Amino acid sequence: MPDRNAPIIAEFRAHAGRVGGYFAGIDLLLLTSTGARSQRSYTHPLSYATDGGRYVVIAADGGAPAHPGWYYNLIAHPDVTVEVGTEKFPAWADLAIGAERDRLFRERAQALPALNDFAARTSREIPVFTIERT
């Protein structure tokens with residue numbers, strides 16, 4: 001199956017982290033993780049915010065009934081590689097819980113109101129990850 005993210009990843013890398021189309025004007029990072037079952041390397045373009053020195057990503061998957069695959073990868077293997085702009089670095093992903101998760105989700109949803117729509121489409125609590133450089 002062709003990787004639907006491949007063109008976005010290529011554009012990101014060719015244009016110092018900027019892409020057009022659906023993601024035009026949105027801050028994106030590339031998150032490379034290890035597959036929970038396959039042990040293969042996977043790269044996903046994700047929108048992000050910052051919280052202090054941390055990056056914040058939301059596993060909304062458009063409000064799908066199940067978490068996106070990369071969620072399971074981060075739970076199994078929290079050591080990741082992040083690309084922001086032209087910078088690439090090792091990092092650690094941590095699942096935010098409780099009040100921290102709620103605060104980060106609320107702050108991100110203020111900037112991206114579609115997250116509230118995604119949350120309304122599903123019965124699952126949408127996970128929030130913080131990512132810190134290692």
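The values are calculated or read from the model by the stated rules, or taken from the named source; none is laboratory data. Please read all numbers here as calculations on a predicted model, not as lab measurements. Cβ placement follows ideal geometry from the backbone for every residue including glycine, while neighbour counts extend to all protein chains displayed. In case anyone asks, the SASA skips ligands and DNA or RNA and just uses the protein heavy atoms, side chains included. Shrake-Rupley method; radii C 1.70, N 1.55, O 1.52, S 1.80 Å.
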- Filter segment 72-99 for residues that are assigned to a helix (DSSP H, G or I) and of a type in the set (Gly, Ala, Ser) and give the result. 76, 98, 99
- Item | Scope segment 61-80; condition in contact with a strand residue (DSSP E or B) (Cβ under 8 Å, 6 or more places away or on another chain) and farther than 22 Å from residue 91 by Cα; matching residues | none
- Residue pairs within 7 Å by beta carbon, gap of at least six or interchain, first lying in segment 15-30 and closer than 25 Å to residue 133 by Cβ, second of a type in the set (Ser, Thr, Tyr) and in a loop (DSSP other than H, G, I, E, B), listed first then second, are 16/86; 17/86; 27/48; 29/48
- Is it the case that some residue within segment 92-102 is over 16 Å from residue 27 (Cβ atoms), in contact with a Ser or Thr (Cβ under 6 Å, 6 or more places away or on another chain) and open to solvent by less than 90 Å² (accessible area, probe 1.4 Å)? yes
- Message: Out of 69, 85, I need the residue that is in contact (Cβ under 8 Å) with a residue 60 or more places away in the chain and within 25 Å of residue 13 (Cα to Cα). Which one?
- Response: 85
- Query: Residues of segment 55-78 being of a type in the set (A, V, I, L, M, F, W, C) and open to solvent by 30 Å² or more (accessible area, probe 1.4 Å), which ones?
  - Reply: 66, 75, 76
- Reported set for segment 1-18 where residues are under 16 Å from the mean Cα position of the chain (by Cα) and farther than 10 Å from residue 85 by Cα is 4, 5, 6, 8, 9
- Item | Cβ pairs under 8 Å, 6+ apart, first in segment 88-100 and over 19 Å from residue 72 (Cα atoms), second assigned to a strand (DSSP E or B) and open to solvent by 80 Å² or more (accessible area, probe 1.4 Å) | 89/133
- Item | Looking only at segment 24-42, and only at residues there that are in contact with a strand residue (DSSP E or B) (Cβ under 8 Å, 6 or more places away or on another chain), open to solvent by 30 Å² or more (accessible area, probe 1.4 Å) and of a type outside the set (D, E, K, R), the one that is farthest from residue 3 (Cα to Cα) | 26
- Message: Being among the hydroxyl-bearing types (Ser, Thr, Tyr) and either under 15 Å from residue 28 (Cα atoms) or surrounded by 13 or more Cβ atoms within 10 Å (Cβ to Cβ) (or both) is true for just one of 81, 134. Which residue is that?
- Response: 81
- Subset tally (residues that are touching a residue at least 24 places away in the same chain (Cβ under 8 Å), closer than 20 Å to residue 23 by Cβ and of a type outside the set (Lys, Arg)) for segment 108-129: 8
